[in-house]
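Here's the structure, in C-alpha cells; my notes come after.
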Amino acid sequence: MNAQTKSLFLISLICNLLFMGLFSWLIIRKGGFSYLANQISLMMQDYKKSGSSSSINSNFSVYYEMKKRQFEVLPNSDREIIFLGDSLTDQAEWAELLNNPHIKNRGISGDTTEGVLARLDEIVESKPKQIFLMIGTNDIWNAGKTVGQVTQNYKLIIETIKQRSPSTQVFVQSLLPVNNQDYRIKVNNNDLVRINRQIEEFAKQFSYQYIDLYNSFINKQNQLDPKYTFDGVHLNEQGYLTWKRIIESDIADTI
C-alpha cells in the first residue's frame, strides 16, 4: 500500500467514524434505542399497509401481534394480577420485583389505548383479581392522538373491564412525565397532566383506585427526573424500584 492509498484509506476511515458518531449522537438526542425502535415499528407498519404482509393486522406492529397471540394461548387464572400497559410495563420483571408468582405482565412495547382495547378480550377472560393499568403516552408520542382521543379510549377501556369483569380491582395508574429538556422527546408534559386529571375522574366515576405516580417521578424543572431514566421516557432500575414502593401495598395477597 503506497502513501497515497494509505492517505485515502485514513481519510475514508475518519469520515466513516465521524458519520457513525454523528448518527449515534442524533439517535441519543431523539430518545436513544426507544426512538430507533419506534421508527422501525412505524416503518414496519407502513410496509404492512402496502400489502406485503396480509396475515398481520396492519394497525399494529409485528411485536404487538406476536405478544398478543402469545397472551391468547397462555393459561388463565382468577387469581391473576395483571399489569397492563406499554413499554414502561413491558420492560419490568413484575413477578420478581413484587415477589408474587400470580402477577402477569401484559405490557406491550409501543402499545396505545387502541391497542389495549383490541386485546381486552384476553385480559378480562380470566376475571383477574387485579389490574394495574397504565396506557396513553404512545398515543401522544407516536400515534399523534389528541388528549381528548386518548381519554375517550381510556374510558372505553375501564368501561369494558367494569362490564365484563365487575369483581376485578382496577388500579388506574397515572402516566409518568417525560424529560424533553435533556432529550428530544416530542411530548408535552402538560398534555400528560391533562390526561391524568381526566383518568383520575374516571377512576372515581367507576369506583377504581387512582395511583399518582407522576408526582413521584417529576423534578423541580417539571421533567422526568434524570436519576430515573436513561432516555427521557423509559425507566432504569431506580425508577422501577420507586414504582414498586408506591404500589406494593396494593398488591393482593394471592400466594
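The values are calculated or read from the model by the stated rules, or taken from the named source; none is laboratory data. Predicted model only: the values in this text are computed from it and were never measured. Don't worry about glycine lacking a Cβ; one is built from the backbone with ideal geometry, like all the others, and counts go over all protein chains shown.
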Search result, residues across the stretch 240-249 that are surrounded by fewer than 22 Cβ atoms within 10 Å (Cβ to Cβ) and closer than 21 Å to V172 by Cβ: Y240, T242, K244, R245, I246, I247, E248, S249
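Could you check the stretch 196-210 and list, in sequence order, the residues that are touching a residue at least 12 places away in the same chain (Cβ under 8 Å) and either surrounded by fewer than 20 Cβ atoms within 10 Å (Cβ to Cβ) or over 19 Å from the mean Cα position of the chain (by Cα) (or both)?
If the condition is that a residue be touching a residue at least 12 places away in the same chain (Cβ under 8 Å) and either surrounded by fewer than 20 Cβ atoms within 10 Å (Cβ to Cβ) or over 19 Å from the mean Cα position of the chain (by Cα) (or both), then Q198, E200, F202, A203, F206, Y208, Q209, Y210 are the ones that fit.
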Inside the stretch 217-250, the number of residues satisfying the requirement of being more than 18 Å from the chain's Cα centre (by Cα) and of a type in the set (S, T, N, Q) is 4
Does any residue in the stretch 62-88 that is part of a helix (DSSP H, G or I) come within less than 7 Å, Cβ to Cβ, of a residue that is of a type in the set (D, E) six or more places away or on a different chain, and which pairs are these? Y64/D111; F71/E122; E72/E122
Can you spot a residue in the stretch 113-132 that is in contact with a strand residue (DSSP E or B) (Cβ under 9 Å, 6 or more places away or on another chain) and hydroxyl-bearing (S, T, Y)? yes
Flagged pairs (Cβ under 9 angstrom, 6 or more apart or on separate chains; first in the stretch 234-249, within 18 Å of I135 (Cβ to Cβ); second part of a helix (DSSP H, G or I) and modelled with pLDDT under 95) are H234/F33; H234/S34
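Answer yes or no as to whether Y240 is among the hydroxyl-bearing types (S, T, Y) and assigned to a helix (DSSP H, G or I). Don't jump to the end; show me each part of the working.
Details: among the hydroxyl-bearing types (S, T, Y): yes; assigned to a helix (DSSP H, G or I): yes.
Judged against the criteria, Y240 is a match.
Of the residues in the stretch 142-159, how many are assigned to a loop (DSSP other than H, G, I, E, B) and either surrounded by 15 or more Cβ atoms within 10 Å (Cβ to Cβ) or in contact with a Gly (Cβ under 6 Å, 6 or more places away or on another chain) (or both)?
From the stretch 142-159, those assigned to a loop (DSSP other than H, G, I, E, B) are 142-146; that's our starting set.
Filter once more, so that each one left must be either surrounded by 15 or more Cβ atoms within 10 Å (Cβ to Cβ) or in contact with a Gly (Cβ under 6 Å, 6 or more places away or on another chain) (or both): 142-143, 145.
Adding up the residues that qualify gives 3.
Given the condition within 29 Å of Q130 (Cα to Cα), of a type in the set (G, A, S) and not in a helix (DSSP H, G or I), answer yes or no: does some residue in the stretch 167-181 qualify?
Residues of the stretch 167-181 within 29 Å of Q130 (Cα to Cα): 167-178.
In the following step, the residues that additionally are of a type in the set (G, A, S) were identified as 167, 174.
Checking which are not in a helix (DSSP H, G or I) leaves us with 167, 174.
Yes, the stretch 167-181 contains at least one residue that is within 29 Å of Q130 (Cα to Cα), of a type in the set (G, A, S) and not in a helix (DSSP H, G or I).
Can you tell me how many residues in the stretch 216-229 are touching a helix residue (DSSP H, G or I) at 6+ places or on another chain (Cβ under 9 Å) and in a loop (DSSP other than H, G, I, E, B)? Reasoning before the result, please.
Filtering the stretch 216-229 for residues touching a helix residue (DSSP H, G or I) at 6+ places or on another chain (Cβ under 9 Å) gives 216-219, 222-225, 227-229.
Checking the rest, the ones that are also in a loop (DSSP other than H, G, I, E, B) come to 219, 222-223, 225.
Selection size over the stretch 216-229: 4.
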